[in-house]
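Q: Can you read through this structure? Questions will come right after.
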Number of protein chains: 2
Amino acid sequence: MREEMRSPSPWFEVRFDNLDREARCIEGETIFQSARRAGVRIVGACGGRGVCGTCIVRVVSGDVAVQTATAGPAASRTKEWVRACLTRPSSDCMVEIAARSIAQVVRAEVGGEEIVIAPDSAVRGHEVVLTPAVLGHDASGSSADADRVVAALRSAGVTRLDLFALRELPGMLREAGWRLQAMIRGDEVIDVRRADGRNLGLAVDLGTTNCAGFLADLDTGRRLASLGIENPQTGYGADLVSRVNYAIRSPAGASELQSAAVAAIVGLARDLCEAVSATPADILEIAVCGNTAMHHLLLGLPVSQLGRAPFVPAICESIDIKARDLGLAAAPGAYVHLLPNVGGYVGGDHVATLLATENRWSTATTIVMDIGTNTEISLVCGDSITTVSCPSGPALEGGHIGAGMRAAEGAIERVRVSDGGMAIEVIGGDEQAVGICGSGVVDTLAAMVELGIVNRRGRILTNHAAVEVRGDDREVVLAPGVAVTQNDVRAVQLAKAAIRAGIDCLLRQAGLKDDAIERVVIAGAFGTYIGLESALKIGLLPALPIERIDQVGNAAGVGVRMVLSSAALRDRARSLAERCRYLELGSLPDFQRIFMRRIGFD
Amino acid sequence: MREEMRSPSPWFEVRFDNLDREARCIEGETIFQSARRAGVRIVGACGGRGVCGTCIVRVVSGDVAVQTATAGPAASRTKEWVRACLTRPSSDCMVEIAARSIAQVVRAEVGGEEIVIAPDSAVRGHEVVLTPAVLGHDASGSSADADRVVAALRSAGVTRLDLFALRELPGMLREAGWRLQAMIRGDEVIDVRRADGRNLGLAVDLGTTNCAGFLADLDTGRRLASLGIENPQTGYGADLVSRVNYAIRSPAGASELQSAAVAAIVGLARDLCEAVSATPADILEIAVCGNTAMHHLLLGLPVSQLGRAPFVPAICESIDIKARDLGLAAAPGAYVHLLPNVGGYVGGDHVATLLATENRWSTATTIVMDIGTNTEISLVCGDSITTVSCPSGPALEGGHIGAGMRAAEGAIERVRVSDGGMAIEVIGGDEQAVGICGSGVVDTLAAMVELGIVNRRGRILTNHAAVEVRGDDREVVLAPGVAVTQNDVRAVQLAKAAIRAGIDCLLRQAGLKDDAIERVVIAGAFGTYIGLESALKIGLLPALPIERIDQVGNAAGVGVRMVLSSAALRDRARSLAERCRYLELGSLPDFQRIFMRRIGFD
């Protein structure tokens, strides 16, 4: 007699006490790696490469080896804040995650106005009542369950029944007394259910940093619940380019990113359904928008042709596929609809933004921009829409910022000049500040410009009490332990220069000056909270009268909900996407010069 | 530091020397169970329930406990022939499988004439040549790979590209210099390949006992290779009813049966492709026919409504689904086409037989029968086709027969009366007889009738030297160790009574007498080898002039190949299926009486 043996895999138990979670850390792994594997949500903007400093933890007990960021010899430290991605346990450990390094379940931003959608769903219910099956053929010429259901629905245009729905049919018919609700999409029955079933739809705005999910009643178009989570792909890099490169490097990497995107949608579906006492099997249709890279990574499409010039998407047309082909839990034959892409990295999320904001730009020369880790900008001028994509990076969302964090409790979200100093506002009010989010960063920079703490090239000066000098580094201290460093200033400079240069290029191509812009529509979660005066002061936006600027929140989320509930609006989205002409900024000969001109503060 | 531990799973190594295979036998398991799990092909007609005696092995070395068939105390025996399903190892063992219990790779029976099929495949190739991608939009309005391919194929009716094919597209386009072959099915591109790719199709006749696979060139309709294997579901019971019951008892059981059917097709595809130096990814279309139970079990459809009155199929219409939805390896977007069912257990294999033999029955009153474990019989009379299904059981194929075996080397396949005794012919010629196959069983019974060894009720008499009496049992010895027992005679009586009663009922319904039958078409592997005189003598067939009877071999296999290669013949199959009226024998009030009348030999 023998025993089944496996090669020994030494591991340590790592307990994350403030999340009430545990992870197994295989010998040699970092705390960050084991947390990622176990789905413990530590922020890691750079993907665990030791360069961003966002994955801060404290080892409360146990032995670890900490590699210093400067690659010096490993030291053993506990009770100090260290980077999870440079810390390797050598025993069981108890670990505390810094508040700002806990990836939060963020608020879902659903835009200023709630748009009323005339329900016109791709899926429609149709009642079927059959006589109980008897021996031999009935009037339809067949005695088989599916043939009789399809015959009964022929006048509704039905010709076929999805295989997975067919698997449910015989049991359902007999349990429900030969009366059921057939859920029809096009010529296909995609689900069979009791007449009292719930007809739900899921809309997902799959952003680079945040995913917003919306559960809707397909019969009424009404929103039932919404939820925002961090995109779990952020563990593989905060910006698009690092994720695309990760996917290009190996098929396994591409597959990990796909799984992460699928897991995000599966998680949203589960949590949203739970909130309304439903199950994912009640979801009859899913609509997803995202930029082209998110779209491709979710679908398992190759990205190497997208990641380098001439930046070619595998597909721009909208796609309808079975949810099961992506491993998404939903009704048996449910489809996922992916909004069309525009070109380059400009994807269906921007199309959704255009769709949701069309009433604001249809008659005026307008800049429509979706500020995020990647910022998409369209110039609408008469019938033409020209669109660019700017790699603005995560700085405006608090990423790649030393003390940066999501817009969650404890984040400094407002900074004003007050009595020659800076006054801060913290999310959650009384709470002690633990970090700074995007709007706070822009405000701080604007205050520094106003106070003259920063010169026109972005160098922090030492002429103010708020500035501390640490060796070669200078930083502006906002609260105990929360400062904006010279590196942070540089990151914001790059972001605002990318966005502003994008606007400049669009105007040049159209032969327009700044003041020809009659309206600016700013979408995106960050765009909702940004202080417009600050944005104007640091030159992120052209110097326009503030009343020309609209902050519309997560318009992409509104747009994807519109598309979920209305087939007519799908056609509208398609025609908007076709109307957009994608302009690749990198192909413009003087883009670099324009970009450099927008780096400073003058 | 800890080591990964798993609960100990004691097991023994069982070596099957004559197959050069090994299996792990978990403690408490029988040799049959471990062989089935490991895919070692031991015949097991009853599914390992200890009732059929077809899984005979000899334990050459090692310790085992053998449960006696009469449920007496377990005994430890080696060097004796025992049933694998009643033998539990208690140490590592060396096991020899009896020749007749080795499930053979059988000859693929492909019918008398080779039908020439005008190729008219559902999948057609179309060359696409694109200009290399450049920055910005091309004339089609999009720069994306798939949009440009679809635009180039719009005049060929294409509107979309399968997701899995899309995943291949960007790499393929760039590697192949922007020139490729798009494989189109309906309005969809299901695969993209280099111009020199092979366009293969797979046709499968999924029989209850045997599966026949045919690899064809879709461009020419030509058959490239064919292969027959035993249906691995036979391990779960030889006849339909035991498998249907196994699936009804638990979802896990249904799932095992589905996996077995899928594995059979995957194995056929792999072996057939290997034979022509191709890979399953070259397979662009799969066509499958089988009886309704095989069809449902393959598709994962519920069978409880099929297994009891009124015997309702989930679906009769033909089905086209993605091969991937069944886990079948093929080209990225390949479809499986399942032929339509008729009703009850009469499925697409009978439709395929009708299609393949249409030239033989289209102008005469004809009985078309597919003899197998389940026997389907159609009476064609003018425009009407009436069809019944008879549970003839595996006896006519050598199953559930004490010395029964497949038509393989060592099987007695012919028995003639000679000099008042019986002369045998063995497959493989000189070989010593190790068992008896279906045609041999029928011949033996006919010889027994001729020699008066059996009375009109089927009782073996003791008036002949070939008859041996063992306790209550009597048997006719054909060769050393190979005999036909009283039980075997009973099994053949039941089979022939079922078939003959089916014919009787069809004739009665149509108001016809036996001699109104102008033609009998006998299909099926067994039907090819059966001695017609013997079949007439035992009353399996009505007493008709022998020249009215055609033996056409595996007509279902020919029919499924026709459907694979021709869309027009798919329509023809569909209209044949619609023409068939299914008649449930169990619903006829005097079926039992007719059946009992056909049990004897008079």
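The values are calculated or read from the model by the stated rules, or taken from the named source; none is laboratory data. Computed from a prediction, not measured in an experiment: that's the story for all the values here. Cβ placement follows ideal geometry from the backbone for every residue including glycine, while neighbour counts extend to all protein chains displayed.
Q: Output the residues belonging to the range A:325-341 that are in contact with a Pro (Cβ under 8 Å, 6 or more places away or on another chain) and within 11 Å of chain B (Cβ to nearest Cβ).
A: Hit for the range A:325-341 is A:N341, nothing else.
Q: Okay, moving on. Restricting the range A:565-598 to residues that are assigned to a helix (DSSP H, G or I) and among the acidic types (D, E), which is modelled with the lowest pLDDT?
A: First, the residues of the range A:565-598 that are assigned to a helix (DSSP H, G or I): A:565, A:567-579, A:585-587, A:591-597.
So of that shortlist, the ones also among the acidic types (D, E) come out as A:571, A:578.
Working: A:D571: 96, A:E578: 93.
Applying the filter and picking the extreme gives A:E578.
Okay, residues lined up against (1) more than 30 Å from A:H126 (Cα to Cα); (2) assigned by TED's automatic domain parsing to the domain that holds A:L301; (3) in contact with a Leu (Cβ under 6 Å, 6 or more places away or on another chain); (4) in a strand (DSSP E or B):
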{"position": "A:F214", "(1), (2), (3), (4)": "no, yes, no, yes"}
{"position": "A:I229", "(1), (2), (3), (4)": "yes, yes, no, yes"}
{"position": "A:N245", "(1), (2), (3), (4)": "yes, yes, no, no"}
{"position": "A:A254", "(1), (2), (3), (4)": "yes, yes, no, no"}
{"position": "A:L257", "(1), (2), (3), (4)": "yes, yes, yes, no"}
{"position": "A:A260", "(1), (2), (3), (4)": "yes, yes, no, no"}
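Q: Looking only at the range B:426-454, count how many residues are touching an Asp or Glu at 6+ places or on another chain (Cβ under 6 Å) and either in a strand (DSSP E or B) or buried (at least 24 other Cβ atoms within 10 Å of the Cβ) (or both).
A: So the count comes out to 4.
Q: Of everything in the range A:18-54 that's of a type in the set (A, V, I, L, M) and part of a helix (DSSP H, G or I), which residue is modelled with the lowest pLDDT? Quick ask: steps written out before the conclusion?
A: Of all residues in the range A:18-54, those of a type in the set (A, V, I, L, M) come to A:19, A:23, A:26, A:31, A:35, A:38, A:40, A:42-43, A:45, A:51.
Of the ones still in play, those that are also part of a helix (DSSP H, G or I) are A:19, A:31, A:35, A:38.
Details: A:L19: 77, A:I31: 91, A:A35: 82, A:A38: 70.
Among those residues, the one meeting the criterion is A:A38.
Q: Name the one entry in A:V521, A:V489 that is closer than 28 Å to A:E230 by Cβ, modelled with pLDDT of 95 or more and in contact with a strand residue (DSSP E or B) (Cβ under 7 Å, 6 or more places away or on another chain). Before you say what the answer is, go through the steps one by one.
A: Numbers: A:V489 fails: modelled with pLDDT of 95 or more.
Exactly one of A:V521, A:V489 is closer than 28 Å to A:E230 by Cβ, modelled with pLDDT of 95 or more and in contact with a strand residue (DSSP E or B) (Cβ under 7 Å, 6 or more places away or on another chain), namely A:V521.
Q: Now for a separate question. Counting only residues that are assigned to a strand (DSSP E or B) and free of Cβ contacts under 8 Å to residues at least 60 places away in the same chain, how many does the range B:496-550 have? Don't jump to the end; show me each part of the working.
A: Pass one, the range B:496-550, residues assigned to a strand (DSSP E or B): B:519-523, B:549-550.
Okay, now just the ones that are also free of Cβ contacts under 8 Å to residues at least 60 places away in the same chain, so B:549.
Qualifying residue count for the region: 1.
Q: Let me ask something additional. Counting just the residues of the range B:151-175 that are away from every other protein chain (no Cβ under 14 Å) and within 20 Å of B:T131 (Cβ to Cβ), which one comes out surrounded by the fewest Cβ atoms within 10 Å (Cβ to Cβ)?
A: Going residue by residue through the range B:151-175, those that are away from every other protein chain (no Cβ under 14 Å) are B:155-157.
Still in the list and also within 20 Å of B:T131 (Cβ to Cβ): B:155-156.
Working: B:S155: 8, B:A156: 13.
Selected residue: B:S155.
Q: Considering each residue of the range A:305-324, count those that are closer than 17 Å to A:D239 by Cβ and either in contact (Cβ under 8 Å) with a residue 60 or more places away in the chain or facing another protein chain (nearest Cβ under 9 Å) (or both), and give that number.
A: Going through the range A:305-324, the residues closer than 17 Å to A:D239 by Cβ turn out to be A:306-308, A:311.
Right, trim to either in contact (Cβ under 8 Å) with a residue 60 or more places away in the chain or facing another protein chain (nearest Cβ under 9 Å) (or both) and you get A:306-307, A:311.
Summing the residues that are closer than 17 Å to A:D239 by Cβ and either in contact (Cβ under 8 Å) with a residue 60 or more places away in the chain or facing another protein chain (nearest Cβ under 9 Å) (or both) in the range A:305-324 gives 3.
Q: From the set of residues in the range B:455-491 that are among the polar types (S, T, N, Q) and in a loop (DSSP other than H, G, I, E, B), which is nearest to B:G420 (Cα to Cα)? Step through it out loud before you land on a result.
A: Applying the first criterion (among the polar types (S, T, N, Q)) to the range B:455-491 yields B:455, B:462-463, B:485-487.
Now narrow it down to the ones that are in a loop (DSSP other than H, G, I, E, B): B:455, B:462-463.
On the way: B:N455: 17, B:T462: 15, B:N463: 12 Å.
Only one residue tops the list, namely B:N463.
Here's the yes/no breakdown for (1) closer than 21 Å to A:A568 by Cα; (2) crowded, with 24+ Cβ neighbours inside 10 Å; (3) within 14 Å of another protein chain (Cβ to nearest Cβ):
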{"site": "A:G343", "(1), (2), (3)": "no, yes, yes"}
{"site": "A:G348", "(1), (2), (3)": "yes, yes, yes"}
{"site": "A:V351", "(1), (2), (3)": "yes, yes, yes"}
{"site": "A:W361", "(1), (2), (3)": "yes, no, no"}
{"site": "A:T366", "(1), (2), (3)": "no, no, no"}
{"site": "A:M369", "(1), (2), (3)": "no, yes, no"}
{"site": "A:T373", "(1), (2), (3)": "no, yes, no"}
{"site": "A:V388", "(1), (2), (3)": "no, yes, yes"}
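Q: Could you please find all residues in the range A:63-110 being at pLDDT 80 or above, more than 16 Å from A:S34 (Cβ to Cβ) and either of a type in the set (S, T, Y) or crowded, with 19+ Cβ neighbours inside 10 Å (or both)?
A: Residues of the range A:63-110 that are at pLDDT 80 or above, as a first pass: A:63-67, A:81-98.
Within this subset, residues satisfying the condition of being more than 16 Å from A:S34 (Cβ to Cβ) are A:81, A:98.
Answer for the range A:63-110, where residues must be at pLDDT 80 or above, more than 16 Å from A:S34 (Cβ to Cβ) and either of a type in the set (S, T, Y) or crowded, with 19+ Cβ neighbours inside 10 Å (or both): just A:A98.
Q: Report, by residue number, each residue of the range B:140-175 that is touching a Cys at 6+ places or on another chain (Cβ under 9 Å) and not in a loop (DSSP other than H, G, I, E, B).
A: B:A146, B:D147
Q: Here's another thing I want to ask about it. If only one of B:A252, B:A261 is touching a helix residue (DSSP H, G or I) at 6+ places or on another chain (Cβ under 6 Å) and either at pLDDT 85 or above or not β-branched (V, I, T) (or both), which one is it? Please lay out each step first, then the result.
A: Details: B:A252 fails: touching a helix residue (DSSP H, G or I) at 6+ places or on another chain (Cβ under 6 Å).
Residue meeting the stated conditions: B:A261.
Q: Has the range B:226-244 got at least one residue that is within 15 Å of B:V558 (Cα to Cα) and either buried (at least 20 other Cβ atoms within 10 Å of the Cβ) or of a type in the set (K, R) (or both)? If you could, list the steps in order and put the result at the bottom.
A: Let us first name the residues in the range B:226-244 that are within 15 Å of B:V558 (Cα to Cα), namely B:226-228.
Applying the additional criterion that residues be either buried (at least 20 other Cβ atoms within 10 Å of the Cβ) or of a type in the set (K, R) (or both) yields B:226, B:228.
Looking through the range B:226-244, at least one residue is within 15 Å of B:V558 (Cα to Cα) and either buried (at least 20 other Cβ atoms within 10 Å of the Cβ) or of a type in the set (K, R) (or both).
Q: Further question on the same structure: Would a scan of the range B:274-281 turn up a residue that is surrounded by 23 or more Cβ atoms within 10 Å (Cβ to Cβ) and either in contact (Cβ under 8 Å) with a residue 40 or more places away in the chain or over 21 Å from A:V189 (Cα atoms) (or both)? Break it down into steps so the answer makes sense when it comes.
A: Here is the first cut: in the range B:274-281, the ones surrounded by 23 or more Cβ atoms within 10 Å (Cβ to Cβ) are none.
Looking for residues that are surrounded by 23 or more Cβ atoms within 10 Å (Cβ to Cβ) and either in contact (Cβ under 8 Å) with a residue 40 or more places away in the chain or over 21 Å from A:V189 (Cα atoms) (or both), one finds none in the range B:274-281, hence no.
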